[in-house]
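Structure first, then comments.
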Amino acid sequence: MKKIVLTGAAGRLGSYLREHVAKLADEFVSTDLVDNVENILPNETYVKADLTNLDEIVELLKGADMVVHFGAYGDESTFETILGPNIIGAYNIWEAAYRNGVRRVVYASSIHAVGMHPKNEFIGTDAPHRPDTFYGLAKCFSEDLASLYWDKRGVESICMRILSCANVTNPRAVGSWLSYPDLAHLVERCVTTPVCGFSIIYGVSNNDRAPVDNAKASFIGYRPKDNAEQFAEEMFAQAGTLNTTDFGNMCHGGPFAAIELGNSGLAQLNLNEKTASQKEG
Ligand SMILES: NC(=O)c1ccc[n+]([C@@H]2O[C@H](COP(=O)([O-])OP(=O)(O)OC[C@H]3O[C@@H](n4cnc5c(N)ncnc54)[C@H](O)[C@@H]3O)[C@@H](O)[C@H]2O)c1
C-alpha cells in the first residue's frame with residue numbers, strides 16, 4: 001500500500017491507531033482539527049483539515065490508496081452538532097475518495113446504527129438499520145453512502161460497526177467490549193483484505209457474550225483474541241439486578257437507546273474509571 005490517510009487521528013481511537021495504520025503504508029497521512037499531533041512517525045505527515053470542508057478533503061486524499069475514516073463527533077448531541085462532521089463530513093470523504101480514485105474507505109461505523117434492536121436478538125451484519133440517536137442516524141447515512149458509492153462509483157468500503165472500544169465498566173461491556181489490540185487487528189484486516197465491495201463487520205472482541213454475529217463477514221479474516229468474560233463477575237456484582245424496563249439494558253445501543261435524543265450517551269458510561277480488576281491488570 002503506497003498511501004493511507006487516517007482521519008480523527010488526534011481522537012481516542014485514532015491516536016492509538018496511528019502506529020498500526022502507519023505500518024500498512026509507505027506513506028501515512030494523519031489528519032484532524034488540531035494543529036499538531038505528538039511523536040510523528042518516520043513515514044507520517046500530519047495535515048490539519050476540517051471534514052466539513054470538501055476542498056480540504058479533496059486535497060487531503062490526493063494520491064491516496066485508502067482512507068481509514070475515524071473523524072467524527074463521537075457522541076450523541078443535537079442534530080445541528082452531528083450534521084457537519086458526521087453527515088456532511090461523511091459525504092465529503094466518499095466524494096473526495098471518488099474524485100481521487102481512492103480504492104477503499106475503511107469506516108468507523110457504530111452499533112448505534114442498529115442500537116434499538118432488542119439485545120436478545122443475535123443480530124447479523126444484515127440487520128436493518130434501527131438507529132438509537134442522531135449519532136446512530138448519521139452512521140446509517142454513512143453506511144448507505146458507502147453502499148451507494150460502491151454501486152454507482154466503484155469505491156469499496158468496509159463499515160466497522162464498533163460496539164464499545166473502552167474500559168469494561170458495566171454489564172453491557174461484558175458483551176460489547178472491543179479491546180485496543182483487537183481494534184488494530186480489525187483495521188489491519190479491513191485494509192489488507194483483497195476485495196470487499198461494500199461490506200459490514202462488527203467491531204467486537206471474542207467475548208463469550210458478544211451479542212452480534214460476524215459470520216457473513218468471515219472472509220475479512222477478523223479473528224479477535226480478547227474476551228471480556230474475565231470482568232463478568234465483577235461487573236454483574238457491582239450492577240445488581242438490572243431493570244428490564246430500561247432500554248439501556250434491553251437494547252444493543254445500551255445507554256444510547258435509553259437517553260433522550262440530543263443528550264450525551266457517553267456521559268452515562270463512566271468510561272475513564274477502570275474497575276478494580278482492570279487496575280490490578
Ligand atoms: N470509541 C468507541 O467505542 C466507538 C464506538 C463506535 C464507533 N466509534 C467511532 O470511532 C470514531 C473515533 O471514535 P473516538 O472514540 O476516537 O472519538 P474521538 O471524539 O476521541 O475522536 C474523533 C476525532 O474526530 C475529530 N473531528 C471531529 N470533527 C471533525 C472535523 N469537523 N474535522 C476533522 N476532524 C474532526 C475530533 O477532533 C477527534 O479527534 C468515531 O467515528 C466514532 O463514532 C467509536
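Every number in this text was worked out from the coordinates using simple rules, so none of it is lab data. As the structure is a computational prediction, the values presented were derived from the model and not from experiment. No Cβ is skipped: glycine too gets one built from the backbone with ideal geometry, and neighbour counts run over all protein chains shown.
Against the empirical 2.2 N^0.38 Å (N residues), segment 120-235 has a Cα radius of gyration ratio of 1.09. Segment Asn53..Ile88, full-extension length gain: 11.7 nm, with 0.36 nm per residue of separation and the alpha-carbon distance subtracted.
Decide, for segment 69-149, between rounded, prolate and oblate: order the square roots of the alpha carbon gyration tensor eigenvalues as a ≥ b ≥ c, take rounded if a/c falls under 1.5, and otherwise choose prolate if a/b is larger than b/c, else oblate. In terms of gyration-tensor shape, oblate.
Ranking Phe28, Leu269, Leu13 by how far each Cα lies toward the positive end of the dipole of the chain (charges on Cβ) leaves Phe28 at the top. If R0 equals 25 Å, the separation of the Cβ atoms of Thr78 and Asp246 corresponds to a calculated FRET efficiency of about 0.60. Bridgeable aspartates and glutamates around Lys139 (alpha carbons under 20 Å apart, same-chain partners fewer than 8 residues away excluded): Asp32, Asp50, Asp75, Glu76, Glu80, Glu95, Asp126, Asp151, Glu156, Asp213, Glu260.
Compared with the direct C-alpha span, the chain from Ala239 to Ala215 gains 5.5 nm at full extension, assuming 0.36 nm per residue.
Each DSSP beta bridge with both residues in the chain is either parallel or antiparallel, and the antiparallel ones are about 5%.
At q = 0.09, 0.13 Å⁻¹ the log10 of I(q)/I(0) for segment 1-130 amounts to -0.28, -0.56, computed by Debye summation with a single uniform scatterer per C-alpha, solvent ignored.
Assuming a ≥ b ≥ c are the square roots of the Cα gyration tensor eigenvalues, decide whether segment 1-71 counts as rounded (a/c under 1.5), prolate (otherwise, with a/b larger than b/c) or oblate.
Working: a/c = 1.63, a/b = 1.12, b/c = 1.45.
Since a/c reaches 1.5 but b/c is at least a/b, the shape of segment 1-71 is classed as oblate.
Relative contact order, whole percent, for segment 3-268 stands at 18, derived from Cα pairs under 8 Å and 6 or more residues apart. Kindly flag which residue pairs out of Lys3/Lys23; Lys3/Lys216; Lys3/Lys225 have an alpha-carbon separation exceeding 18 Å in this structure. Flagged as over cut-off: Lys3/Lys216; Lys3/Lys225.
Take every pair of alpha-carbon atoms less than 8 Å apart whose residues are at least six positions apart; their mean separation over the length of segment 1-60 yields a relative contact order of 29 percent. Taking a point 7 Å from the Cα of His129 along the Cα-to-Cβ direction, the residues of segment 139-167 with backbone N closer than 11 Å to it are 139-148.
Centroid-to-centroid, using Cα positions, segment 56-84 and segment 173-204 are 19 Å apart. For segment 3-268, the fraction of C-alpha pairs more than 29 angstrom apart is 27%.
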